[in-house]
1. Along the positive direction of the dipole of the chain (beta-carbon charges: Lys, Arg +1; Asp, Glu -1; about the Cα centre), which of 19, 131, 52 reaches farthest?
2. Would you kindly give the portion of the calculated P(r) for the chain that falls above 28 Å, as a percent of all Cα pairs?
3. Net charge near residue 148, counting Lys/Arg +1 and Asp/Glu -1 over other residues with Cβ under 10 Å of its Cβ?
4. With +1 on each Lys and Arg Cβ and -1 on each Asp and Glu Cβ, how big is the dipole of the range 114-165 about its Cα centre, in debye rounded to the nearest 20?
5. Counting only helical runs of four or more DSSP H residues, what would the 222 nm mean residue ellipticity of the chain come to if each run contributes -39,500 (n - 2.57) and the total is spread over all its residues?
Amino acid sequence: MWAQGSIPDPWWELQHRDLEYANEPFNDLVTVEKWRSLGYTQTRFTGDMYDMRRPEPLWIAKFKTLFPLDNFSWSVYKMSPGCTLPEHSDTYAFFRKKHRLSANATIVRIIVFLEDWQSGHYLEMNQRPVINWRCGDWVCWGNQFPHLAANIGQTDRYTLQITGN
């Protein structure tokens, strides 16, 4: 199952655009090999991130009160035009290891859209398209849940990824 909601008064404006983003490879090589067998040829399957290994922007703190999760973790994600992340289910390997969670522990992922939807920005949850979002809209799901994302538009797509249990 997955759910959607909205934050009524977004407070973060455009500060997320000024972060120093970095790219890391997708961490599930079995899934990458599956994508390659389907014909995906790109060298990168992920957008760029600014995450909790870096100094926390002041505007992140309020999310902790809106989404009171144990072991709250965050990552600001920038998906540039041309980036596609084919269907997958998150493994949360780093999160599980860091917080010493068992393989069957419930983990929640929340994606907050930091800007309004623009043409070419795409998210799909369990084969259901999610488009036309407004700044502050969010989607969430628990544990491994199939989803995909793409930016075939002309502008960067920014989200905040929250992980917790």
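Each reported figure results from applying straightforward, stated rules to the coordinates on display, with no laboratory input. Predicted model only: the values in this text are computed from it and were never measured. All Cβ positions, glycine included, derive from the backbone under ideal geometry; neighbour counts span all protein chains shown.
1. After comparing all options, I get 52.
2. On the way: 2223 of 13530 pairs.
In whole percent, the long-distance tail amounts to 16.
3. Details: positive: none; negative: 87, 124.
Every neighbour counted, the sum reads -2.
4. On the way: 3 positive and 5 negative charges, 26 e Å.
Computed about the Cα centre, the dipole is about 120 debye.
5. On the way: 3 runs with 21 residues, N = 165.
Mean residue ellipticity at 222 nm (helix-derived): -3000 deg cm²/dmol.
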